[in-house]
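Right, one structure below, let's go through it.
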Amino acid sequence: MALTGVLRPGHAQLRVLDLEADVKLYRDVLGLEETGRDSFGRVYLKAWDERDHHSLLLRQADQAGIDLMGFKVDSIASLDRLEADLNAFGVKTERVPAGEMLNTGDRVRFVSPMGHTIELYAEKKDVGNGLSYENPPPWNAAAERGIAPARLDHALLGGVDLDGTIDIFTKVLGFFPVEILYAEDGKTVVAIWLSCSCKTHDLALIRLPENGKLHHVSFWLDSWERVLRAGDIMSMNNVSVDIGPTRHGITRGATIYAFDRSGNRFETFSGGYGAYPDMKPIVWSIDHLPEGLDYVQRKLHQSFLTVFS
Amino acid sequence: MEMAGEANIQPQTAEAPAFVTVTILNSGETCRCRTDESLIEGLRRMGKRGVPIGCRNGGCSVCRIEIVSGRYAAHRKMSREYVSDEDLAAGRVLACCVKPLSALAILAIGKMGKALAASAAGEVKATGAERP
């Protein structure tokens, strides 16, 4: 098997100010399926085409933001190996026992130098996507309910020690840089798009003066037309839209940035290109960020650099 | 959930006119705002830039303001990372979480106000070390 180790982002847990208002947003407007609630009061959701039990957890809190992000690895052997590799690299880890999160196996958890709780896990219950494993149709009614993304795609996280965090993801966890945004000096990385697959990014990171910040979590749509449809549905439901619909120059993705009912930014996203570890990273200088962010309008949206939860 | 605002003012009543005048003291600009939607929504729809626009849902704080005079009602929760009890008592709120009930005078005090003032396009404060 060619794709080994860390496979993909598997879940993100967000803090929301009004749980039921945001359950309604993510379930009824975005169109995720609610798959469970636990004794901590967390609500579990998944996108229609995901097969594992959940990819998004919502938790009632008095501050918005992201609690943790989890990445699925290919096997328990890889989980054990990556835990040892993290420790050998000087990263302290802890084990969260199976079952603390519904239908999820042991998780190896660490706090990145940017202040985000990152988890690796190998097991999560396959609940299926509602289609058969034998001779399935290509989609079903769930694929048309709400905005209906196919999957959780990636997240953009912000914090101070970007360089230390890049080291962990590239030197220990096997990610590779796909695109990089540099400051005026041409050396300081402002933001980076990292892949552990053939996607343009499984995780993006941006340098910020504050740790542990969420820029956005992103959900995958199959076409640009579906992104525009997402915009219509957002307007019908009074969703606060930040940027778009437009296309990012960086990663080429078609996009809308919008905010949930607690001010956490989410993205509905489509496109990009196939990325492989042997490909030289695309680089952007900060003066080209306006079209890197919004290729159509070629203007800097201040909120991109200033609005986080 | 409706909470009373307390910016050196008398207790509010439920009655409010349909529109009120909001003055942004930083710039002196005024705006005729509806009383049945959030303050930031009213400013945004009229194209007023004096208060920066962020998530519009209480989570990011860029629209933080101080209500210097006038009556208002908070209609949604604000992230406590940015708004404390002391802030609420002093009329320091998020403009996306309050509706005006009377003419208001406000000051934009969010962190983005500074960013906007300082923004040549693309200026980013890089704080860390160089790329390895």
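Within segment A:70-85, not a single residue is farther than 21 Å from A:Cys196 by Cα and either of a type outside the set (Ser, Thr, Tyr) or more than 14 Å from every other protein chain (Cβ to nearest Cβ) (or both).
Going through (1) within 14 Å of another protein chain (Cβ to nearest Cβ); (2) closer than 21 Å to A:Val6 by Cα; (3) open to solvent by 10 Å² or more (accessible area, probe 1.4 Å) one by one, A:Gly186 falls short only on (2). Per the conditions (1) touching a strand residue (DSSP E or B) at 6+ places or on another chain (Cβ under 7 Å); (2) among the aliphatic types (A, V, I, L, M); (3) modelled with pLDDT under 95, the sole criterion not satisfied by B:Leu116 is (1). Can you find a residue that is of a type in the set (Gly, Ala, Ser) and free of Cβ contacts under 8 Å to residues at least 12 places away in the same chain anywhere in segment A:232-245? Yes, segment A:232-245 has at least one match. Mind checking which pairs have a first residue in segment A:274-289 that is open to solvent by 80 Å² or more (accessible area, probe 1.4 Å) and a second that is among the aromatic types (Phe, Trp, Tyr), Cβ under 8 Å, 6 or more apart or different chains? Going by the 8 Å Cβ cut-off, the qualifying pairs are A:Pro277/A:Phe176; A:Val283/A:Tyr182. Within the option set A:Gly128, A:Gly99, being of a type outside the set (Lys, Arg), under 20 Å from A:Ala12 (Cβ atoms), assigned to a loop (DSSP other than H, G, I, E, B) and open to solvent by less than 60 Å² (accessible area, probe 1.4 Å) holds for one residue only, A:Gly99. Would it be correct to say that A:Arg15 is over 16 Å from the mean Cα position of the chain (by Cα) and not assigned by TED's automatic domain parsing to the domain that holds A:Thr200? In short, no. Taking segment A:258-304 as the range and being within 11 Å of chain B (Cβ to nearest Cβ), within 29 Å of A:Ala21 (Cβ to Cβ) and within 20 Å of the chain's Cα centre (by Cα) as the test, the residues that pass are A:Ala258, A:Phe259, A:Asp260, A:Arg261, A:Ser262, A:Gly263, A:Asn264, A:Arg265, A:Phe266, A:Leu293, A:Ser303, A:Phe304.
Applying a threshold of 8 Å to beta carbon distances and a minimum spacing of six or more residues, or different chains, the list of pairs starting in segment B:55-74 at a residue that is within 9 Å of another protein chain (Cβ to nearest Cβ) and in a loop (DSSP other than H, G, I, E, B) and ending at one that is among the acidic types (Asp, Glu) and open to solvent by 10 Å² or more (accessible area, probe 1.4 Å) reads B:Cys55/A:Asp242; B:Arg56/B:Glu41; B:Ser61/B:Glu81.
The values are calculated or read from the model by the stated rules, or taken from the named source; none is laboratory data. Please read these numbers as outputs of a predicted model, since none were measured by experiment. Positions of Cβ are backbone-derived with ideal geometry, glycine not excepted, and every protein chain shown enters the neighbour counts. What goes into the accessible areas is simple: the full protein's heavy atoms, side chains included, and nothing from ligands, DNA or RNA. Shrake-Rupley method; radii C 1.70, N 1.55, O 1.52, S 1.80 Å.
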